[in-house]
Amino acid sequence: MEYEVEPEAMGVDRVSDVRVSVKLDRDLGSGQSVSFALPEAWTGQRYCPTYTRFPQFADPGGEDYAEVRAEGARFDMSLETIQLPGGLPKGHVRKIKAALVEGCLAAGDHVALQLRNYRSAALAEAGTVRVWIDEQEQADTPKLKTLPGEAELLRLIVPSCAKPGEPFTVSVVSLDAFWNLSCSSYREGVLRMDGGDVLEEGISFTGSYRTTARIDAPGVHRLRFAEALSNPIRITPEPRGPYWGDLHSHDKTHNCGAGEDPYTYARDVSALDFVAVVPDYRAISRDLWEEHVARCNRNDDPGSFTAILGYEVGFRGGHHNIYFRGSDGYIFDVADSSLWSPDKLLPHLDREQSAVVPHHLGIDWSPHKGFYPQRDPWIPLLEIYSQHGQSEFYSPEHSLSYECNRTRHHEDKYATSVEAPIYARDAWAQGRRYGTVASSDNHSAQPGKPVKGLAALFAPANTREALFAAMKARSTYGTTGERILLDFRINGTEMGGEIFVEDGTALTVEVEVHGTGGLAFVEVMRCRFSNGLWERAFYERLREMDGFHENPIETVYDFAVRFEEEFTGDAVYYLRVGQRYPVAEWPVFAWSSPIWVGRKA
Ligand SMILES: [Zn+2]
Ligand SMILES: [Zn+2]
C-alpha cells in the first residue's frame, strides 16, 4: 500500500488541515471500508492525554472535522472503538471508519482522510496512523510529524555526585510549552560555576547540548548556564547518588496514553539515570508484553542508564505499579478477571524479584483502598507525589492536592481527595514500613518532565541490581521534580532505616538539604505510636513559598541542622522540604523516606 501525507510536518498544537491518502492495492465494493486511527497524541488532550478529544463528521467549519474522500465514491462515516485484550475499549483511540455506500473503487485509486481545523499533537514526534482496508490492519502505515515550539524553560542538569576531578555529564535542555525539546537556538553561551570560574565558552545549540565538566574541590557545587542554575552536585571521594528517575511513565501502550518513545525522552531530554515505563495491564496482550520486555531490555545500559521493567495494575484495591529486578517478570492473562485485584495477583509474584508501589493513594477512583498487611511483603515504597498531586496526607487545600491539579489547567475534570486513613502519613502512623518515592504518572511518554515527580535512589552504581536493592531497602526519597539533595539520619541511620534503642536514649537527628532554589522551609515530622499524632520535631521557616516578589534578604539554598531529643517510645520520623519558587507554576517539595525508631527488646 502506498501513502502520502500532507503537509509532511506541522508545528505542535496548531490548528491545521492534514491529508492522509492511501493508494489502494485492491478493489473495494459497496459495504467495504477504509478506516484510519490517528496517533494517540492526536486524540489525547494537549495538557493531559488521559483525556480525549474525538474527530467530528457533522460540521466542516467546526473544530476537529474529519472526512474520507475518493473520486466517484461516497462513504458513511462512523467512529468505532478499538478493543483491548481485557475486553475494554482502548482509552481514546477510535477508528475513523468510512464504509463505501456509493460507487466502487479499483486497485490504484486513492482514498484520503482529510482533517480540517484539526489541532495537531502537543508532542513533537512522528506518530503512526493506523490504517485498515476492509477491516484488515495494514503494516508500514504513514506517520504524522509534528515539530517543537519555542523555548519556555531552560534546564541545566548535572549528576548529584561525582568524584573530585572525575568528568561528569552536563545537560543543557531547552523545553517548549509542552515539554518537547524546543526549536530555539542559543549562541555563544557560557557554562560556569555558579558565581565562579568559566568551565566552557562558545556554546551554541538548538534544543539541547551535552558536555562534560570536572570539579576538583570536595563539597556541594552548582553550575550556571544563562538563566539556568543547575541542581547541586556533591563532589566526594565516595559517591553514591542519589540517582534520579521516573518509575511511572506511560506512553501509547497505556490504555489512555500517548507518545512513541519514553526511553529516548528519559535519557536525552530529562537526563534521567533510570526509568520504568509501566503500560496499563488492560492494554497488555502476550505479544505486547513481549514487545515491552524486549524494548525495556534494549534500552537498559548498565552503568549509565537503567530501564526497569514493570507494568501498572489499576484495579479495585487501588492503583499499583509492579517492578521486576531483572530482565523478565510475571505477567498474567488480562482476560482472567479473577486476578484483577492486588490480593489475587500479588501471591503470583516472587517477593525477591518484584516490588510493588501503590500510587495516588487518596484519589477516589478505586474502592477498597488502604493498607493491608497481606500486601506488605511486596510493597517497599509508596508514591507520595505524581502529576495527580500529593498523597502525603489528606488536605484538599494543599497547593499540590489532587483538586489543584495543574495538569488539567483547572478544567472541570479533577480528582477529589478522599477523607480516609489512606495516605502515606496514615500508613506510617500505623507502623507500616514503606519508603518514599515520587514519579510522574505522565501519560505522554515524557518521563522526568520538570514538575511531575522524581524518585531519588541511593545506590553504589546505576544498574538494575543496585537500584532495585535501593528500592527494596527504602533507600529512597521523592521530589516534585527538582533534584534537591536530602540527607536525613537518626543516630547515624539513614532514611528508610530502622533503629532500636532503650528508653531515655538521646536521639541525634541530622538534616542536610541542598536546594535547587531558595528554600522555604525544612521540617522533621514525628509520629509517636503511643498517640498516633503527627507533630513537628523540627521546623525552620526560611521564606514564604511565594515566588512573586523579590526578597532583599539573602536566599538560603543550603541548610543543615542537628538536634537531639529523648526516645520515649516507638516512633517514625521523616523530613519534608519546600522551596520558595515554583517551577512552571508548580510548588516545589521533597519528602524523605522515614526512619523508624523502636524500643530495644
Ligand atoms: Zn494509576
Ligand atoms: Zn499510571
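The values are calculated or read from the model by the stated rules, or taken from the named source; none is laboratory data. Quick caveat: nothing in here was measured; it's all calculated off a predicted structure. Here the Cβ positions follow ideal geometry from the backbone for every residue, glycine too, while neighbour counts run over all protein chains shown.
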Quick check on my filter: what residues within the range 206-237 are free of Cβ contacts under 8 Å to residues at least 40 places away in the same chain and surrounded by fewer than 18 Cβ atoms within 10 Å (Cβ to Cβ)? T206, G219
Return a yes/no flag: does the range 175-189 have any residue that is within 20 Å of E40 (Cα to Cα) and among the aromatic types (F, W, Y). yes
Among the candidates R298, R286, R282, R267, residue that is within 26 Å of C161 (Cβ to Cβ) and basic (K, R): R267
Looking only at the range 199-252, which residues are within 23 Å of A466 (Cβ to Cβ), at pLDDT below 95 and of a type in the set (K, R)? R240
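From Q387, Q353, grab the single residue that is under 24 Å from the mean Cα position of the chain (by Cα) and away from ligand 2 (no atom under 16 Å from the Cβ). Talk me through it step by step, then tell me what you get.
Details: Q387 fails: away from ligand 2 (no atom under 16 Å from the Cβ).
Matching residue, one of Q387, Q353: Q353.
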Condition set of a type in the set (A, V, I, L, M, F, W, C) and within 16 Å of ligand 2 (Cβ to nearest atom), scope the range 309-333, selection farthest from the chain's Cα centre (by Cα): answer is F315
As an exercise: evaluate A276 against (1) within 13 Å of the chain's Cα centre (by Cα); (2) assigned to a loop (DSSP other than H, G, I, E, B) and give the number of the one condition it does not meet. (2)
Residue pairs within 6 Å by beta carbon, gap of at least six or interchain, first lying in the range 458-472 and under 12 Å from V437 (Cβ atoms), second part of a loop (DSSP other than H, G, I, E, B) and of a type in the set (A, V, I, L, M, F, W, C), listed first then second, are L467/A459; A470/F458; A470/A459
Hey, does the range 445-452 have a residue that's at pLDDT 95 or above and more than 30 Å from K90 (Cβ to Cβ)? no
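If we only count strands (runs of 3 or more DSSP E) wholly inside the range 115-196, which ones have 2 or more residues that are among the hydroxyl-bearing types (S, T, Y) and in contact (Cβ under 8 Å) with a residue 60 or more places away in the chain? Outline the logic, then answer.
Values: elements: 126-128, 130-133, 143-147, 153-157, 168-175, 185-193.
Passing ranges, in order: 168-175.
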Answer yes or no as to whether E352 is surrounded by fewer than 19 Cβ atoms within 10 Å (Cβ to Cβ), free of Cβ contacts under 8 Å to residues at least 24 places away in the same chain and more than 16 Å from ligand 1 (Cβ to nearest atom). no
Out of G326, G310, report the one residue that is in a loop (DSSP other than H, G, I, E, B) and in the same structural domain as E260 (by TED's automatic domain parsing). G326
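Collect the residues in the range 253-268 that are modelled with pLDDT of 95 or more, surrounded by 24 or more Cβ atoms within 10 Å (Cβ to Cβ) and away from ligand 1 (no atom under 16 Å from the Cβ), keeping them in residue-number order. Reasoning before the result, please.
Residues of the range 253-268 modelled with pLDDT of 95 or more: 261-268.
With surrounded by 24 or more Cβ atoms within 10 Å (Cβ to Cβ) added as a condition, the list becomes 262, 265-266.
Matches in the range 253-268: Y265, A266.
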Give me the residue from the range 242-258 that is touching a His at 6+ places or on another chain (Cβ under 7 Å) and within 11 Å of ligand 2 (Cβ to nearest atom) and, out of that set, farthest from T50 (Cα to Cα). H248
Members of the range 360-402 found to be in contact with a strand residue (DSSP E or B) (Cβ under 9 Å, 6 or more places away or on another chain) and of a type in the set (A, V, I, L, M, F, W, C), listed by number: L361, I363, F371, W378, I379, L381, L382, I384, F393, L400
Residues in the range 289-300: is at least one within 15 Å of ligand 2 (Cβ to nearest atom) and surrounded by fewer than 24 Cβ atoms within 10 Å (Cβ to Cβ)? yes
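Quick check on the range 337-349. Is at least one of its residues assigned to a loop (DSSP other than H, G, I, E, B), at pLDDT below 95 and within 13 Å of ligand 1 (Cβ to nearest atom)? Talk me through it step by step, then tell me what you get.
Going through the range 337-349, the residues assigned to a loop (DSSP other than H, G, I, E, B) turn out to be 340-341, 349.
Applying the additional criterion that residues be at pLDDT below 95 yields 340-341.
The next check asks that each one be within 13 Å of ligand 1 (Cβ to nearest atom); those that pass are none.
Looking for residues that are assigned to a loop (DSSP other than H, G, I, E, B), at pLDDT below 95 and within 13 Å of ligand 1 (Cβ to nearest atom), one finds none in the range 337-349, hence no.
This table checks each residue for (1) part of a strand (DSSP E or B); (2) over 15 Å from V131 (Cα atoms); (3) not charged (D, E, K, R).
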{"position": "E4", "(1), (2), (3)": "yes, no, no"}
{"position": "D13", "(1), (2), (3)": "no, yes, no"}
{"position": "V22", "(1), (2), (3)": "yes, no, yes"}
{"position": "C48", "(1), (2), (3)": "no, yes, yes"}
{"position": "E63", "(1), (2), (3)": "no, yes, no"}
{"position": "F75", "(1), (2), (3)": "yes, yes, yes"}
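For the condition over 26 Å from A139 (Cβ atoms), hydrophobic (A, V, I, L, M, F, W, C) and modelled with pLDDT of 95 or more, what is the one hit in A58, A70?
Values: A70 fails: over 26 Å from A139 (Cβ atoms).
Of the residues listed, the single one that is over 26 Å from A139 (Cβ atoms), hydrophobic (A, V, I, L, M, F, W, C) and modelled with pLDDT of 95 or more is A58.
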Residue list for the range 61-100, filter: of a type in the set (K, R) and within 25 Å of R26 (Cβ to Cβ): R69, R74, R94, K95, K97
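Looking only at the range 275-334, count every residue that is away from ligand 1 (no atom under 16 Å from the Cβ) and touching a Gly at 6+ places or on another chain (Cβ under 7 Å) and tell me the total.
Step one: list which residues in the range 275-334 are away from ligand 1 (no atom under 16 Å from the Cβ), which gives 275, 285-309, 324-333.
Keeping just the survivors that are touching a Gly at 6+ places or on another chain (Cβ under 7 Å) gives 275, 309, 324.
Number of matching residues: 3.
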